[in-house]
Amino acid sequence: MARTDAALMPDVSEAESARGYLGSVFRLTVDFLEQRGCKAQVKQKVSAATAQLIDKPPFPFAWIPATPMDEVESALSLVAGRDACVDLGLTAARKLGGSLIQPVLKMATALFGNTPVAVFQNLERFYAMVLKGMKFDYDAVGPREAVVRVRAEGGKVPAALFDVTRGNLAYVFELCGVRGSVDPPEEIRCDARGGEARYRVRWS
C-alpha cells in the first residue's frame with residue numbers, strides 16, 4: 001500500500017524534546033537545500049514555524065529542539081528521495097568534521113588511533129557536540145566489519161533520520177583515509193519510545 005505524505009511526516013504536535021541540534025547543523029542543512037535546489041519544495045511540506053526557521057536560521061551555537069530538523073529531513077526524503085538524505089548526512093559530517101568538531105576528532109584519533117574502529121567506538125563523543133539524544137553501540141563482526149546500532153531518544157523519530165545518519169557514518173572512512181561502505185539502515189523502529197536502527201559497516 002502506498003504511503004501518504006502525512007504518514008511519512010512526523011507528528012509535530014506531539015514531538016518530543018529529548019533530542020536537540022546545534023543551530024549550525026540547521027544552518028548547513030538550509031545551505032544544502034539551496035545547493036540542491038529543493039528549498040522551496042521542502043518549505044511547502046513543513047510547518048509554518050519550521051518554514052520561518054528556514055528563512056531565518058538560528059544562531060550557530062544556539063540549541064534548538066529536534067522537531068525542525070525532523071520535519072526538514074522527512075520533507076527532503078519526500079521531495080528528493082532517501083539518497084538525498086544520505087548526501088545531507090555526508091555533507092554535514094564533512095563540514096562539521098572540518099570545523100566545529102575537528103579539535104575533538106584530532107584529540108580522539110591521537111588518543112585512540114586514526115582507524116574506523118576507534119572512531120566508530122567513540123561516536124557519541126563527536127555527536128554530543130552538535131546533537132543531543134543519540135546513542136551508539138559498536139559490535140565487531142570481523143577485523144574490518146562491524147554492526148553499528150543507533151538509538152534516538154524521544155518519540156516521533158522520523159525514519160529519514162537514519163538515512164542522514166548513514167551519510168554521517170560514511171564520513172568515518174574519509175576521515176581515516178580508507179575505502180569503506182555503510183549498508184542501508186536495517187531493523188528500523190520508530191515509536192513512542194524513540195527510534196533505532198542498525199548498520200553494517202565494512203572497510204579495506
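Odds and ends about this structure:
- Lone qualifier among V72, V42, V25, V79 - being under 26 Å from G194 (Cα atoms), part of a helix (DSSP H, G or I), among the aliphatic types (A, V, I, L, M) and touching a Ser or Thr at 6+ places or on another chain (Cβ under 7 Å): V72
- If you go through the stretch 151-204 and keep only what is aliphatic (A, V, I, L, M), part of a strand (DSSP E or B) and over 13 Å from the mean Cα position of the chain (by Cα), you end up with V182, I188, V201.
- Meets criteria (touching a residue at least 24 places away in the same chain (Cβ under 8 Å) and more than 30 Å from Q44 (Cα to Cα)) for V130: no
- Residue in the stretch 155-204 that is surrounded by the most Cβ atoms within 10 Å (Cβ to Cβ), counting only those that are of a type in the set (D, E) and free of Cβ contacts under 8 Å to residues at least 60 places away in the same chain: E196
- Failed criterion for P60 (all others in (1) part of a loop (DSSP other than H, G, I, E, B); (2) at pLDDT 95 or above hold): (2)
- Residue satisfying condition, being more than 13 Å from the chain's Cα centre (by Cα) and within 28 Å of P60 (Cα to Cα), within set M107, M134: M107
- The residues in the stretch 83-142 that are on the phi > 0 side of the Ramachandran plot and either at pLDDT below 80 or among the aliphatic types (A, V, I, L, M) (or both) can be counted, and the count is 1.
The values are calculated or read from the model by the stated rules, or taken from the named source; none is laboratory data. For clarity, every value in this text was computed on a predicted model and none was experimentally measured. Counting neighbours? That spans all protein chains shown, and the Cβs are built from the backbone with ideal geometry, glycine included.
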